Amino acid sequence: MLDEQQLALYYPKIEEFLTQINQIILDKNQQTKLALCSLLAGGHVLFEDLPGLGKTTLSSSLAHLAGLQFQRIQFTNDMLASDVIGVNMFNQKEHQFEFKQGPVFTQILLADEINRCSPKTQSALLEAMEEGFVTVDGARYALPKPFWVIATQNPLFQSGTYALPESQLDRFLMRLSLGYPSRHAEKLLLQQNTRQQLIATLAHVFEEQDILMLQSLVHQIYVGDQVLDYILDLAEESRKGRHGLSTRGVLALKRAAQSYALIEKRSFVIPDDVQAVFTAVASHRIGLNQHEAELLLQRVKLI
């Protein structure tokens with residue numbers, strides 16, 4: 001049973017979080033809200049953008065305000081899987097192998113330009129993203145909790161990129177794009193201190209236990225039968241004449257809508273929540289662009 005009083009205690013912190021991050025990432029309120037939605041839903045997020053549009057800054061801001069450990073991996077075409085998850089090294093003093101953890105052992109991992117590495121290295125993240133474990137030489141190692149991957153990929157028309165396989169795309173709860181800032185926002189960027197200097201001045205809004213508690217509360221947000229039917233109607237519409245949303249995608253849509261409802265200070269989901277997250281959750285799974293996703297939403301009648 002959802003404790004609404006406990007939930008209400010977090011509303012001011014959520015509002016403060018969004019206020020603070022929108023001082024760093026200017027003019028992108030919906031993208032920052034969806035990024036927080038992904039974190040609270042316990043799902044990973046993929047940013048697809050040209051380099052230099054603020055993806056790394058957003059990741060650093062999210063980690064700082066959430067009070068979580070942060071690591072960044074710059075993926076290159078010569079990177080090996082062991083560079084991500086770690087490797088067993090021989091300790092000559094102890095005469096035994098010891099596991100040296102890779103950068104994946106953190107709470108927020110920025111996988112920068114993930115599609116610049118080979119598919120074999122990309123797949124090293126699959127188990128970590130899905131199960132929160134990595135396996136090296138038959139031994140399994142648990143990752144810290146919470147564990148959240150923010151991955152960025154460059155457009156595939158750029159040289160030296162490898163398309164992410166469908167199995168890995170499906171592990172991302174959302175795909176987002178920041179895009180170019182407005183002229184007003186870009187002028188402020190020219191006038192203000194660097195983003196890293198501004199991030200350093202911010203205080204943590206959440207702590208590790210707050211994030212874990214909110215992730216637990218998200219699963220308790222009520223979803224009525226009518227909203228569930230609306231989600232299923234969207235899934236059925238997406239499957240007409242094409243490869244549509246999988247069952248995993250349907251579950252992801254429900255979880256994202258629950259998280260969005262929490263951020264909107266409600267203990268129940270309404271169709272507006274489903275619509276707010278639909279494009280970010282569905283587009284990379286079934287190959288829709290923004291316009292096609294909006295048309296699909298229009299074809300399914302609201303409750």
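The values are calculated or read from the model by the stated rules, or taken from the named source; none is laboratory data. The structure presented is a predicted model; accordingly, all values stated were derived computationally and were not measured. Positions of Cβ are backbone-derived with ideal geometry, glycine not excepted, and every protein chain shown enters the neighbour counts.
Looking at segment 1-112, the strands (runs of 3 or more DSSP E) lying wholly inside it that each contain 1 or more residues that are touching a Lys or Arg at 6+ places or on another chain (Cβ under 8 Å) and over 30 Å from Leu189 (Cβ atoms) sit at 86-91. Scanning segment 232-242 for residues that are of a type in the set (Gly, Ala, Ser) and outside any loop (DSSP other than H, G, I, E, B) gives Ala235, Ser238. Look at segment 79-97: where a residue is on the phi < 0 side of the Ramachandran plot and a partner is small (Gly, Ala, Ser) and part of a loop (DSSP other than H, G, I, E, B), sitting 6+ places away or on another chain with Cβ atoms under 6 Å, you get Val84/Gly102; Ile85/Gly102. Determine whether Gly54 is among the small types (Gly, Ala, Ser) and touching a Cys at 6+ places or on another chain (Cβ under 9 Å). Judged against the criteria, Gly54 is not a match. In summary, Ile199 fulfils each of the numbered conditions (1) modelled with pLDDT of 90 or more; (2) closer than 16 Å to Asn22 by Cα with the single exception of condition (1). Against the conditions (1) under 20 Å from Phe172 (Cα atoms); (2) within 21 Å of the chain's Cα centre (by Cα), Ser238 satisfies every one except (2). Tell me, yes or no, whether segment 120-132 has at least one residue that is over 16 Å from His44 (Cβ atoms) and not β-branched (Val, Ile, Thr). Checking segment 120-132: at least one residue is over 16 Å from His44 (Cβ atoms) and not β-branched (Val, Ile, Thr). So is Thr106 out of contact with any strand residue (DSSP E or B) (no Cβ under 6 Å at 6 or more places or on another chain), hydroxyl-bearing (Ser, Thr, Tyr) and surrounded by 16 or more Cβ atoms within 10 Å (Cβ to Cβ) or not? Here the answer is no, as Thr106 does not meet what is asked.
Counting only residues that are charged (D, E, K, R), within 35 Å of the chain's Cα centre (by Cα) and either closer than 16 Å to Val45 by Cα or modelled with pLDDT under 85 (or both), how many does segment 86-112 have? Final tally of qualifying residues: 2.
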